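First comes the structure, then the notes that go with it.
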Amino acid sequence: MNKVIAKLFEKPGLPVMPVMTHPGIELIGKDVLDAVRDGQVHADSIIALRGKYGQSAASTTIMDLSVEAEAFGASVVFAPGEVPTVSGRLLESAADVDALQVPGLDAGRVPEYLKANRLAAAELDCPLFGGCIGPFSLAGRLYDMTELMMAMFMEPDTVHALLRKCTDFLIGYCKAMKAAGSQGVVMAEPASGLLSGEDCMTYSSAYVKEVVDAVQDDSFALILHNCGNQGQCTQAMVATGAAALHFGNIIDMGGVLREVPADVAVMGNIDPVGIMKMAMPSRVTEAVAELRHIANGYDNFVLSTGCDVPPAAPLHNIDAFFAAAQ
């Protein structure tokens, strides 16, 4: 097992690592908009959350899937209390893709996210995993997901040309997070869950593997997150060589654990909205107990949320999550 991922298993008992930053923003009295625009606020949120929930095997930055698209020039909508979202379509043709420039790491809010990685990594007593979007999901935000899916059949060369540029940027971004002190990255590739296993291999995993090959080593791990996968993409996820695979709440985790090799960590998959945000603490406890039963006997399992814990998730539910994990 990758040495960074192996650290998650060092303490006795079940490893637990929710993907979670927003509760930390609320702990320090800030809004989401403060954290996604200011690396200092972002880092302070991560550090505050670590202070409250030291049981977590690692910390994570915000899962913001607009940062990279904004760096390429996409329009982003900012609203109080909400994660930023991409608006509109940046690219409409093969000519637009051909003319698209791969941005530098000084574009948009990328410098603030690298700052958050640097400041938080310097203060934490556990591994820090930065965050980035996956190549296929990024391409969908630039080209429009419906149009991208059509182009896969009508203009596959255009899709591959766009994925090439997305991947080149992501390799540089992940290398910069590594240089900033993070020990890994959670790559969110949810849009690939829309694909068949074969198409996922061709249009997502082949490019994710390039990122893995460029940055993953004994000091840095890539966790591949695909909350859209319903089972058809699991082998394509394994093929990337990512040190850990992170799954959403729609998948059968028992099936995943039987399918994924024992030297790859399997992470998930408590519903972040329906359970962590909307349910009562007793239901959180039940959900964790159910998942622990499913994962019993699998030494590569890490209890986590199915995606990023959203803004306004009550702390008593997070308390119940960690208590049930122990």
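The values are calculated or read from the model by the stated rules, or taken from the named source; none is laboratory data. Here the structure is a predicted model, which means the values were calculated and not measured. Cβ: placed from backbone, ideal geometry, glycine included. Neighbour counts: every protein chain shown. Accessible surface is based on the protein model in full, side chains and every heavy atom, while ligands, DNA and RNA are left aside. Shrake-Rupley method; radii C 1.70, N 1.55, O 1.52, S 1.80 Å.
Figures for the structure shown
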| quantity | calculated |
| --- | --- |
| Residue match in the range 166-179 (condition: of a type in the set (S, T, N, Q), at pLDDT 95 or above and part of a helix (DSSP H, G or I)) | yes |
| Tabulated pairs, the range 115-135, first of a type in the set (Asp, Glu), second open to solvent by less than 10 Å² (accessible area, probe 1.4 Å), C-beta under 9 angstrom, 6+ apart or interchain | Glu123/Ala43; Glu123/Ile46 |
| Unique residue being open to solvent by less than 30 Å² (accessible area, probe 1.4 Å) and either free of Cβ contacts under 8 Å to residues at least 12 places away in the same chain or among the acidic types (Asp, Glu) (or both) when the list is Ala188, Ala180, Ala139, Ala151 | Ala151 |
| Count - residues of the range 70-86 that are small (Gly, Ala, Ser) and farther than 13 Å from Val36 by Cβ | 4 |
| Condition broken by Pro310, with the remaining ones in (1) open to solvent by 50 Å² or more (accessible area, probe 1.4 Å); (2) part of a loop (DSSP other than H, G, I, E, B) satisfied | (1) |
| Single residue of the range 191-230 satisfying the filter (among the polar types (S, T, N, Q) and part of a helix (DSSP H, G or I)) that is surrounded by the most Cβ atoms within 10 Å (Cβ to Cβ) | Ser205 |
| Boolean, Asp263 is over 26 Å from Leu27 (Cβ atoms), open to solvent by 50 Å² or more (accessible area, probe 1.4 Å) and either polar (S, T, N, Q) or in contact (Cβ under 8 Å) with a residue 40 or more places away in the chain (or both) | yes |
| The range 95-127, residues that are over 24 Å from Gly172 (Cβ atoms) and in a helix (DSSP H, G or I) | Ala95, Glu123 |
| Test: residue in the range 101-116 that is among the hydrophobic types (A, V, I, L, M, F, W, C), over 21 Å from Val41 (Cβ atoms), surrounded by fewer than 22 Cβ atoms within 10 Å (Cβ to Cβ) and in contact with a Pro (Cβ under 9 Å, 6 or more places away or on another chain) | no |
| Checking Ser282 against (1) in a helix (DSSP H, G or I); (2) open to solvent by 20 Å² or more (accessible area, probe 1.4 Å); (3) within 25 Å of Gly140 (Cβ to Cβ); (4) touching a helix residue (DSSP H, G or I) at 6+ places or on another chain (Cβ under 9 Å), the condition it does not meet | (3) |
